[in-house]
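Report on one structure; see the data block that follows.
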Amino acid sequence: MPRIYIETYGCQMNVSDSALVLGLLRAQGYVRTDDPAEADVLLVNTCAVRDHAEQRVLGRMGVLKGFKRAGGVLGVVGCMAQRLGPALLEQVPQVDLVIGPDGYRGLPELIARARQGERAADVRFQPWEHYEDVPAAREAAGGGGGASAFVTVQRGCDYRCTFCIVPMTRGPERSRKLADVVREVEGLVARGTTEVTLLGQTVNSYHDGEHDFADLLRAVGGVAGMRRLRFTSPYPTDFSERVLAAMAQTPPVCEHVHLPVQSGSNRVLRRMLRRYTRERYLEVAAALRHAVPGIALTTDIIVGFPGETEQDFEETVSLVREVRFDDAYTFKYSLRDGTPAVKLKDRVPEAVAGERLERLIAVVRRVARAKNVALVGTTHEVLVEGKAKRGGLLQARTRGNKVALLDGPDEWIGTYRRVRLTGTTGSTFTSWPVAQELAVVG
Ligand code: SAH
Ligand code: F3S
């Protein structure tokens, strides 16, 4: 049987797409290998959001091409493949095929053609594509197998944030039919999944023509056996009253939302074409906290966007303090060819952006630490996800998305336990299992 090796970069949607790719190839008789030296087909599923992500992939290609055997195939798929298209074939002569996120159905054919010595790129958008009939090979993709699973409910993006390449790499927004999503989740739950993360670029703007995101949350959350429901990433202004009510009234919906803000300055938000002001964002955060008491909020922030002044940056810092985010992913702005922001003047020098990033990270850590220290001593339900990287402990996660380490047998992996948080590094926790009957709701 031919062997397929796949490496995945970027967001959860890429992890989910790699499961689709593996599912597609499994149907063609392929088996997965973790060893590139054994592979007949080597694939890299790529990210294009920042230049750094692309440079890493190019570096890896330099290594992986060494594993390509005679008659073997090396392919690049995903967002960087879509962005560069046939140019990638020229840039890396060992690459045989290039396929964007809408073209995975063509993979078997392009592999066959590569075997005949024909190199090809397919970067056409297929605005109807949901891979509805392709059974994802989640267990084989890693990340989300077993108790947790990612379920893509919306592909593409119709927003036009001026910094962002995603609309160019993933094409127009489209939502899967609610009934199809529910059927998939029922199948997952029947095989032991209890935690589902719904994926989309602006996932709360989900609409299948008949049902909105509120309907989707209620329908998926209502599947018998579903214990935890998460979603990522929502767009701040797409939290309608209906969605807030659905979150509050659907028990599996977890007390955590990742709510990308990007900047705390209205000037910068306007230049980014984000569809909200700082004030509106704060209202949304307050509405979420009102609807779901105790909800954890995390975010994405970009520093050094063109035109960002020291004062703009300080507004971002003050927003972090005001919202009191539980955590934030912070990025230095990376100029992406083909995005509207390329035309903006007043680029921020690299050194200034770097220095702002460091200051921001320090504030994010301080705010997160204060919140986490206050949680020490409280009791939580955790899902045990696997072994921790160090110390022979298990790694678990609260509904609020806090990582807690605990001592316990491997049989606990994939099960729910109650723990008391006993200490924190500032970001993650140590914890002790507590007996069910002694549990205090935390
Ligand atoms: N809608 C998607 C965004 C995908 S990109 C989502 O919310 O999941 C993920 C994050 O990468 C963005 O929120 C943004 O903070 C960051 N990002 C996107 N383009 C960027 C760029 N050109 N430079 C730096 N960071 C960027
Ligand atoms: Fe990118 Fe903005 Fe869409 S960040 S993915 S264009 S919502």
Item to check | Candidates R274, R227 - the one that is within 27 Å of V182 (Cβ to Cβ), modelled with pLDDT of 95 or more, touching a strand residue (DSSP E or B) at 6+ places or on another chain (Cβ under 7 Å) and surrounded by 17 or more Cβ atoms within 10 Å (Cβ to Cβ) | outcome: R227
Checklist outcome for this item: Being farther than 24 Å from N266 by Cβ and open to solvent by 20 Å² or more (accessible area, probe 1.4 Å) narrows V376, V352 down to just V376
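Looking at A112, A81, A121, which one is hydrophobic (A, V, I, L, M, F, W, C) and surrounded by fewer than 21 Cβ atoms within 10 Å (Cβ to Cβ)?
From the options A112, A81, A121, the qualifying one is A112.
Test V196 against the criterion of being more than 16 Å from ligand 2 (Cβ to nearest atom) and within 26 Å of V384 (Cβ to Cβ), and give yes or no.
Numbers: more than 16 Å from ligand 2 (Cβ to nearest atom): yes; within 26 Å of V384 (Cβ to Cβ): yes.
So V196 passes the test.
Considering only the range 46-63, state which residues are in contact with a Ser or Thr (Cβ under 8 Å, 6 or more places away or on another chain), in a helix (DSSP H, G or I) and open to solvent by less than 30 Å² (accessible area, probe 1.4 Å).
Just the residues of the range 46-63 that are in contact with a Ser or Thr (Cβ under 8 Å, 6 or more places away or on another chain), to begin with: 48-54, 57.
Next, only the ones that are in a helix (DSSP H, G or I) stay: 51-54, 57.
Scanning the range 46-63 gives A53, E54, V57.
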Item to check | Near pairs, Cβ below 6 angstrom, 6+ apart or cross-chain, from the range 323-340 (among the polar types (S, T, N, Q)) to any residue that is more than 11 Å from ligand 1 (Cβ to nearest atom) | outcome: T330/L360; T330/I361
Checklist entry - Take the residues of the range 157-195 that are closer than 14 Å to G209 by Cβ and open to solvent by 30 Å² or more (accessible area, probe 1.4 Å): which is nearest to ligand 1 (Cβ to nearest atom)? => result E173
Checklist outcome for this item: The condition of being at pLDDT 95 or above, surrounded by fewer than 20 Cβ atoms within 10 Å (Cβ to Cβ), of a type in the set (G, A, S) and within 24 Å of V363 (Cβ to Cβ) holds, among A248, A286, only for A286
Checklist entry - assigned by TED's automatic domain parsing to the domain that holds H258 and in contact with a Cys (Cβ under 8 Å, 6 or more places away or on another chain), is that true of T339? => result yes
Checklist entry - Which pairs have Cβ atoms under 7 Å, sit 6 or more apart or on different chains, and link a residue in the range 27-45 that is open to solvent by 40 Å² or more (accessible area, probe 1.4 Å) and among the hydroxyl-bearing types (S, T, Y) to one that is part of a strand (DSSP E or B) and at pLDDT below 95? => result none
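For A214, are the conditions met, namely being modelled with pLDDT of 95 or more and either assigned to a loop (DSSP other than H, G, I, E, B) or open to solvent by 30 Å² or more (accessible area, probe 1.4 Å) (or both)? First the steps, then the outcome.
Values: modelled with pLDDT of 95 or more: yes; either assigned to a loop (DSSP other than H, G, I, E, B) or open to solvent by 30 Å² or more (accessible area, probe 1.4 Å) (or both): no.
Judged against the criteria, A214 is not a match.
Does V303 fit the bill of being open to solvent by less than 50 Å² (accessible area, probe 1.4 Å), touching a Lys or Arg at 6+ places or on another chain (Cβ under 8 Å) and of a type in the set (A, V, I, L, M, F, W, C)? Talk me through it step by step, then tell me what you get.
Working: open to solvent by less than 50 Å² (accessible area, probe 1.4 Å): yes; touching a Lys or Arg at 6+ places or on another chain (Cβ under 8 Å): yes; of a type in the set (A, V, I, L, M, F, W, C): yes.
The answer is yes for V303.
The values are calculated or read from the model by the stated rules, or taken from the named source; none is laboratory data. Predicted model only: the values in this text are computed from it and were never measured. Neighbour counts run over all protein chains shown; Cβ positions are idealised from the backbone, glycine included. Only protein heavy atoms, including side chains, enter the accessible area calculation; ligands, DNA and RNA are left aside. Shrake-Rupley method; radii C 1.70, N 1.55, O 1.52, S 1.80 Å.
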